[in-house]
1. Whole angstrom only: what separates the Cα centroid of segment 24-55 from the Cα centroid of segment 332-361?
2. Report the extension gain between residue 254 and residue 88 in nm, rounded to one decimal, defined as 0.36 nm multiplied by the number of residues separating them, less their alpha carbon distance.
3. Return the FRET efficiency for the residue pair residue 222, residue 246: r is the Cβ-Cβ distance, R0 is 22 Å, and the value is rounded to the nearest 0.05.
4. What's the FRET efficiency of residue 301 with residue 75 using the Cβ-Cβ distance as r and R₀ = 45 Å, to the nearest 0.05?
5. How big is the equivalent ellipsoid of segment 252-392 along its three axes, where each semi-axis is √(5λ) from the Cα gyration tensor, reported in whole Å from largest to smallest?
6. Which of the peptides 37-43, 304-310 is most tightly packed, and how do the rest follow, going by the mean number of other Cβ atoms within 10 Å of each residue?
7. For 377, 125, what ranking results if the residue with the fewest other Cβ atoms within 10 Å of its Cβ goes first?
8. Once you charge only the Cβ atoms, +1 for Lys and Arg and -1 for Asp and Glu, what is the size of the charge dipole of the chain about its Cα centre, to the nearest 20 debye?
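Every read-out reported here was derived from the displayed coordinates using simple, explicitly stated rules and does not represent laboratory data. Just so we're clear, the structure is a prediction, and the values are computed from it rather than from any experiment. With ideal geometry, Cβ positions are generated from the backbone for all residues, glycine too; neighbour counts draw on all protein chains shown.
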Amino acid sequence: MITETEAQRTPADLITDAKELRQQVQSVVRDTPVIDIHTHVFPPVFGDMCLSGIDDLLNYHYLIAEVFRSTDVSYACFWKMSKFERADLIWRILFVENTPISEAARGVVSVLDEFGLDSRAQNLKEARDFFNSRNLLDQVDWVLETARVSDVVMTNDPLDEIEAEIWRNGGNPDRRFHTSLRLDSLLNDWPDAARILASQGLHVNTGLSGSTIAELRRFLDNWIKRMRPLYLAISLPADFKFPDENARDRLIHEVVLPTAKQHDLALTLMVGVRRGVNPTLRAAGDGVGKADVTALERLCAENPEVRFLATFLARENQHELCVAARKFNNLMPFGCWWFLNNPSIAAEITRERLELLGPTFIPQHSDASVLEQLIYKWRHAREFIADALSESYEKLLKSGRAATREEIERDVTRMFSGNFREWVGVKSSVARIEGVS
């Protein structure tokens, strides 16, 4: 406990009561704005890519995978249904005939609760009428304010022709939505990417010979100029190796890393997915695998001037990632991705990171695909982040040092926005985050 001598030379606003300390932490975590550094959410100018409303919420691939555990409907029959028919089926099975206790189902309940809608309704009429009555532009404002999300980073693929056309026609005018240049199509399916690029007039070939590397560098330069991304991003399989003897390795060495250095862009790596474990589930059919963290360590060691953001999909990789971050100051762990975004697991990971890294990480990103998911993903995330932080400050208190609210605010702001703002480049990219003071 704090001694009399200690109290005389420390601030008067020290929080020395454990109950009050937890309340203060919960208050700060609840109210501090966050930059959501990785999402699949888009503003209305992106047309059909901007998903919103109850039918999109229920057609989330997390719920699609879950519903087949409680129905005899075949995959083929399910995919023949319209989006609305699938939503009706998911609602009936997961919310009417069963209790929605999974994290993904509870998330829908949290959204409905925020809007004052009945999560026990026998059908979707009330919810559909409500969302259909909302102006989408106003809905974006309302959701971001409610979720306390100041800025959103999208996932942007220049090889997606629908999205590319939007950028050619002026792009995104909403300053709260920022770009990340996603390179999955280029790196993970090079033969198909080469075909698309060749059809666009680039002089490339699958063998990466001739002018291919120079053409790819020029291609990325042009899209960086157009999109002004905050970082480059790659989702990688569980068996990713570095170095390796394949096209992806050459592309990383000769295209991606030089581009990141030239434009002073951070490189985000999301590692551990196993695509198409059950192809009949489509986007819901991907799985998880334990990855090799030493590949990331080699990247960091060989490229000390490149800033890496990294997250791994397997729980088994989290301790190694923390230890790697202690060894490389150009490595920033972030988020509890995908299958890890469950409170029991995410709370454990957040505690582990706090113990090993202090506040020098980014605790969460939403990975949201539907606008309203920002509400529940951040409501739930703030709960486990507050619990983990409260325990850290309470342990510190028992060890003889109390915290002030100002210190708590400083730490939470750093984790919710400051670390990312610094990582994407104070002199370059941060100037583009118009919505952040």
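1. Measuring centre to centre over Cα atoms gives 19 Å.
2. Numbers: separation 166, 0.36 × 166 = 59.76 nm, distance 4.88 nm.
This chain segment gains 54.9 nm when fully extended.
3. Approximately 0.30, to the nearest 0.05.
4. 0.50
5. Details: eigenvalues 121, 88, 43 Å².
Ellipsoid semi-axes (Å, largest first): 25, 21, 15.
6. On the way: 37-43: 23.3, 304-310: 18.9.
Going from most to least packed, we get 37-43, 304-310.
7. Working: 377 25, 125 9.
With the fewest neighbours first, 377, 125 line up as 125, 377.
8. Working: 52 positive and 64 negative charges, 116 e Å.
I would put it at about 560 debye.
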